[in-house]
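These notes are about the structure you will find just below.
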Amino acid sequence: MITLDELLERDKKREQDGFKRKIRIGRIVKPGAGNREKIIVVPTTVEEKFVHDDTLLVDQSPGEGEPTGGTGEGEEGDIIGEQPVRPEEGEGQGEGDGEGPGEGQGGEHEMEANAYELGKVLSQDFELPNLKDKGKKRALARYVYDLTDKNRGVGQILDKKATLKKIVETNMSLGRIPDVTRIDSAGFVVSPRDLIFRVLSREKQYESQALVFFLRDYSGSMGGKVTQTVVSQHVMLYSWLVYQYERQVETRFILHDTEAREVTDFQKYYSYKVAGGTKVYTAFQMVNEIVEKENLARDYNIYVFYGTDGDDWEKDGKQTLIEIEKILTYAARIGISVVKHTYTGTKETEVEKYIRGSGVLDRQTHLIKMDVMGENVDDSRIIQGIKTLIS
Amino acid sequence: MELVNQHAKGIMEECKLRARDAGLRFDDETLEYIVTNRDMIELSPKIMIPTLYDYWVHDVRVLSGKGMYEAYPSNPYETVINTRPAISFYNDNNPDWLNVMIFYHVLAHIDFFQNNLYYKNTWDVDLAGQALADKRLIAQLRSEKGRWVDYVIEFARGMDNLVGFQRDLNRALTRDQGHVPDRIDFYFDRFLQKIKSVPQHVYLKEIDRYNQCQKDHADFFGKVTEQYPEFEEIFQKEKQKNAPGKLDVMEYILKYSPFLRREENEWMKSVIHIIRSTSLYFQPQIRTKTMNEGWASFWHAHLFLKDERIRGHETDFAKVNATVTAMPKVGLNPYALGLRLFEHIQEMEDKGRYSLDYFQLKDAILRTKFDRTKNTGMDYIFSVRENMEDFSFINTFVDQEFVDRHHLFLAGKRFNPQHNTWQYYIKSKKVDDYKEMIINTLYHPPDIRVVEEKTGNGILYLDHRFENKPLKQDFIENTMIGIEFLWGGPVHLETSVPATTAQPGSPYINFWDPGTAGSPADSRNAPIQWKRVRFIMKDRKLHKQEL
């Protein structure tokens with residue numbers, strides 16, 4: 001049986017042959033007791049054919065989903081049941097869009113392990129760039145033990161090269177080597193002090209540590225593919241960062257409609273959907289509050305990624321820009337992805353308009369990036385977007 | 001994977017006798033294997049054929065199947081494949097009593113495979129053997145050509161739903177009747193009368209001359225071609241038009257692609273052939289799912305309950321049977337629907353209700369009492385299983401009586417902004433609405449054909465006969481890249497797309513955003529306008545042109 005790596009290797013060759021990649025990284029959520037979801041990373045692929053598109057039903061009124069069959073008593077028009085659009089805690093979270101990986105307290109390790117794998121795949125196979133260390137990097141000290149120190153006379157492992165050098169040195173100073181071009185080692189005098197050993201010693205190791213804020217709009221307009229695209233991109237980003245920082249990544253998740261709320265895990269971040277109106281600044285404001293309150297800027301590389309369909313009730317984005325400027329004083333990177341609905345066409349969305357208009361993208365080109373794509377993009381475009389956001 | 005033991009085989013043979021007594025017909029030879037859940041996961045991407053050719057997409061499916069199994073373990077009871085001899089797989093954790101039930105289920109499937117006319121073209125094929133030969137060929141090609149074999153498989157699979165299944169079937173079913181007009185008939189019946197419209201005396205004279213020639217053993221057509229030099233060509237054209245039918249897209253490419261004709265590309269043809277014949281082989285199975293499952297469920301219930309070997313397991317049976325054949329409150333279950341429909345048909349026919357008398361009867365009470373005690377229902381469902389497929393089965397036999405009796409309805413789903421919930425409700429209890437919904441779920445590939453008049457100058461021209469359902473746009477590009485590759489030149493596809501470029505937005509937006517309230521909702525109620533467009537695939541780039 002072929003392995004995932006071999007599949008991806010093969011997929012890379014497709015590009016050389018002039019065809020598009022076809023393997024996508026799929027994610028299956030295994031719901032567990034309480035919040036212990038487990039995600040399983042699997043490859044998926046689609047076999048394209050000419051097929052009918054059943055989603056475009058000819059006769060459909062607003063707010064109406066696809067009809068299906070049913071059995072039971074009742075008259076036409078009777079309501080037979082309700083199902084929450086937005087599952088809350090304790091209310092059977094299910095599969096969400098069939099897209100939502102989950103992380104729960106306690107299940108974290110498994111999530112991390114999988115995300116690390118995914119991140120590795122993304123970095124290696126999709127050639128995402130490695131992280132550049134920025135000036136704002138904070139250090140985390142960790143000790144490792146290694147045979148690095150040298151000691152004369154006694155020790156654990158004889159360093160032969162260093163020892164030989166020492167012996168030659170000693171014999172030269174004793175005048176036992178008259179002609180350096182013709183050395184006769186048989187005549188060497190070896191002092192016990194000449195033996196050089198390596199000994200185990202404690203070394204400090206520095207690693208960067210990252211804190212990532214994932215922000216996304218879950219307002220009414222975000223239904224369907226837009227949300228899927230945003231969350232796909234965010235799970236990949238997360239995985240990539242987990243890999244880059246050798247798992248030293250902490251994450252915070254914030255959702256917003258007209259107000260922001262922090263959720264505890266990925267699963268919720270993914271599955272919650274379709275709430276009220278849209279005020280973008282609330283999410284960024286919450287980031288500032290959290291960072292300030294917990295004094296995070298001192299110890300972490302802070303990344304802020306935000307996903308939206310570009311819709312904002314605050315058309316000029318004044319407050320959003322104020323909050324963003326504030327974040328820019330401490331963050332390593334802000335990445336904004338705008339996923340446009342097909343019906344917006346080529347028109348600029350509000351968020352695009354005011355972010356571009358403010359000139360912040362040009363002034364802080366190293367700290368803030370924006371990527372705009374349509375809702376129907378494939379994985380390779382999403383990955384391209386990640387490259388833009390982190391370049 | 002191993003053959004069942006002698007004990008289980010004994011049970012199976014006993015089941016066969018009883019099933020035969022009940023009227024099922026199938027070959028004596030069958031093969032039964034015990035498999036594990038893991039085996040099932042590995043087999044299912046290969047449509048359960050262990051010897052199917054290797055292909056990386058199957059591997060992807062196996063890997064994701066394993067992931068899926070880890071998250072949601074499943075435990076399928078059995079699978080049958082339509083081969084000679086018929087092969088069936090049984091889960092290694094089935095208890096004996098359950099295997100009795102499953103054997104009946106399987107035997108009914110085998111009966112269906114071997115008697116339903118839509119399977120006619122699969123009757124003489126040993127699929128497992130054929131697949132093995134194909135697998136070896138592909139493996140050998142792969143060792144020579146490397147990954148290009150996989151591209152050819154991929155591109156061929158990209159159009160393997162555009163195969164002329166009905167046409168081939170039609171040909172197989174009418175072959176025995178000497179359908180093709182021969183030269184003489186064509187000359188006298190069509191050519192002289194319809195095409196040349198010769199006066200009657202000329203026609204009679206020709207008949208005389210023909211009879212004379214017959215008598216003298218002389219050549220009759222020599223003179224005909226002298227007089228009408230165009231006759232031979234018209235005859236050949238006509239013969240081609242009527243007899244073998246138009247080529248489907250795959251065949252057309254196989255036959256006329258300049259790219260495949262090159263010597264170094266000859267090998268691709270055998271790969272495409274394999275894909276095409278594999279697809280054709282499975283067409284009847286996809287098109288009879290509801291019937292096939294319904295038929296098997298019908299018989300396992302009938303035969304199992306009469307079998308004294310299962311005494312003491314009646315409640316176990318009831319549990320398993322209920323999970324398989326219950327009608328879901330919301331949703332569709334082909335097993336359940338097919339089973340109930342067969343039962344319904346049997347009862348209707350038993351009472352003689354498929355008759356003009358019943359049809360003309362308008363009084364509801366008299367209708368419920370109508371019973372001619374014909375008791376021909378059993379024969380009738382046997383002929384239904386022989387002659388129909390899902391569409392005709394459902395379209396013909398789902399009637400208002402059926403819908404009322406099982407309290408079926410069309411379940412609608414709408415957004416309730418107050419509760420922020422999806423609300424399910426009874427949308428319609430009318431048979432036409434219900435039927436339409438089911439028919440919409442059936443397999444129905446788009447009707448796409450080669451337009452020979454427009455094909456030329458290296459361009460392959462495809463036409464999609466529009467049936468009010470557009471093609472899935474995301475898939476068009478890659479599918480056409482594949483066809484372009486195999487054709488070796490630009491490919492054009494004519495189809496229909498919605499005329500409004502801006503798709504109506506998400507319906508929820510109106511509830512929340514006062515700025516846009518109302519406007520998209522109105523446009524949504526208007527029927528969608530369609531326009532014809534031409535997709536052009538050239539040098540792996542897709543362009544769209546309005547017509």
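The values are calculated or read from the model by the stated rules, or taken from the named source; none is laboratory data. Just so you know, these numbers come straight off a predicted model, no measurement behind them. Methodologically, a virtual Cβ is constructed for each residue, glycine included, from the backbone with ideal geometry; neighbour enumeration extends over all protein chains shown.
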Legend entry - Residues located in the range B:92-118, provided they are part of a helix (DSSP H, G or I), in contact with a strand residue (DSSP E or B) (Cβ under 6 Å, 6 or more places away or on another chain) and either of a type outside the set (A, V, I, L, M, F, W, C) or within 30 Å of residue A:41 (Cβ to Cβ) (or both): B:109
Inset, instruction - Could you please let me know if residue B:21 is among the acidic types (Asp, Glu) and either within 22 Å of the chain's Cα centre (by Cα) or farther than 30 Å from residue B:153 by Cβ (or both)? - result: yes
Inset, instruction - Check whether at least one residue in the range A:43-52 is of a type outside the set (S, T, N, Q), modelled with pLDDT of 70 or more, in a helix (DSSP H, G or I) and more than 30 Å from residue B:411 (Cα to Cα), and report yes or no. - result: no
Inset, instruction - From (1) under 30 Å from residue A:284 (Cβ atoms); (2) hydroxyl-bearing (Ser, Thr, Tyr); (3) at pLDDT 80 or above, pick out the condition that doesn't hold for residue A:173. - result: (1)
Legend entry - Conditions (1) among the acidic types (Asp, Glu); (2) assigned to a loop (DSSP other than H, G, I, E, B); (3) buried (at least 17 other Cβ atoms within 10 Å of the Cβ); number of the one not met by residue B:371: (3)
Legend entry - Residues located in the range B:434-468, provided they are farther than 21 Å from residue B:485 by Cβ and outside any loop (DSSP other than H, G, I, E, B): B:434, B:435, B:436, B:437, B:438, B:439, B:440, B:441, B:447, B:465
Inset, instruction - Would you check if there is a residue in the range B:50-65 being under 29 Å from residue B:295 (Cβ atoms), in contact (Cβ under 8 Å) with a residue 24 or more places away in the chain and assigned to a helix (DSSP H, G or I)? - result: yes
Legend entry - Only listed residue being within 23 Å of residue B:271 (Cβ to Cβ), surrounded by fewer than 20 Cβ atoms within 10 Å (Cβ to Cβ) and more than 14 Å from chain A (Cβ to nearest Cβ), chosen from B:36, B:79, B:83, B:51: B:51
Legend entry - Given (1) more than 7 Å from chain A (Cβ to nearest Cβ); (2) more than 30 Å from residue B:398 (Cα to Cα); (3) touching a residue at least 60 places away in the same chain (Cβ under 8 Å), number of the condition residue B:454 does not satisfy: (3)
Inset, instruction - Answer yes if at least one residue in the range A:368-390 is assigned by TED's automatic domain parsing to the domain that holds residue A:303, over 18 Å from the mean Cα position of the chain (by Cα) and among the basic types (Lys, Arg), and no otherwise. - result: no
Inset, instruction - Answer with yes or no whether residue B:85 is under 14 Å from residue B:128 (Cβ atoms) and under 27 Å from the mean Cα position of the chain (by Cα). - result: yes
Legend entry - Qualifying positions in the range B:430-441 - surrounded by fewer than 18 Cβ atoms within 10 Å (Cβ to Cβ) and either within 11 Å of another protein chain (Cβ to nearest Cβ) or touching a His at 6+ places or on another chain (Cβ under 9 Å) (or both): B:430, B:433, B:436, B:440, B:441
Inset, instruction - Can you confirm whether the range B:412-421 contains a residue that is touching a residue at least 24 places away in the same chain (Cβ under 8 Å), buried (at least 17 other Cβ atoms within 10 Å of the Cβ) and in contact with a strand residue (DSSP E or B) (Cβ under 9 Å, 6 or more places away or on another chain)? - result: yes
Legend entry - Condition check for residue A:361: out of contact with any Asp or Glu (no Cβ under 7 Å at 6 or more places or on another chain) and crowded, with 17+ Cβ neighbours inside 10 Å: no
Legend entry - Condition broken by residue B:89, with the remaining ones in (1) closer than 28 Å to residue A:41 by Cβ; (2) not in a helix (DSSP H, G or I) satisfied: (1)
Legend entry - Test set (1) in a loop (DSSP other than H, G, I, E, B); (2) closer than 20 Å to residue B:285 by Cα - residue B:75 fails condition number: (2)
Legend entry - Test: residue in the range B:305-325 that is at pLDDT 90 or above and surrounded by 13 or more Cβ atoms within 10 Å (Cβ to Cβ): no
Inset, instruction - Kindly provide the set of residues from the range B:385-426 that are of a type in the set (S, T, N, Q) and either at positive phi or at pLDDT 90 or above (or both), ordered by number. - result: B:387, B:392, B:395, B:396, B:400, B:420
Inset, instruction - May I ask you to list the residues in the range A:165-181 that are in a loop (DSSP other than H, G, I, E, B), closer than 10 Å to residue A:191 by Cβ and among the hydroxyl-bearing types (Ser, Thr, Tyr)? - result: none
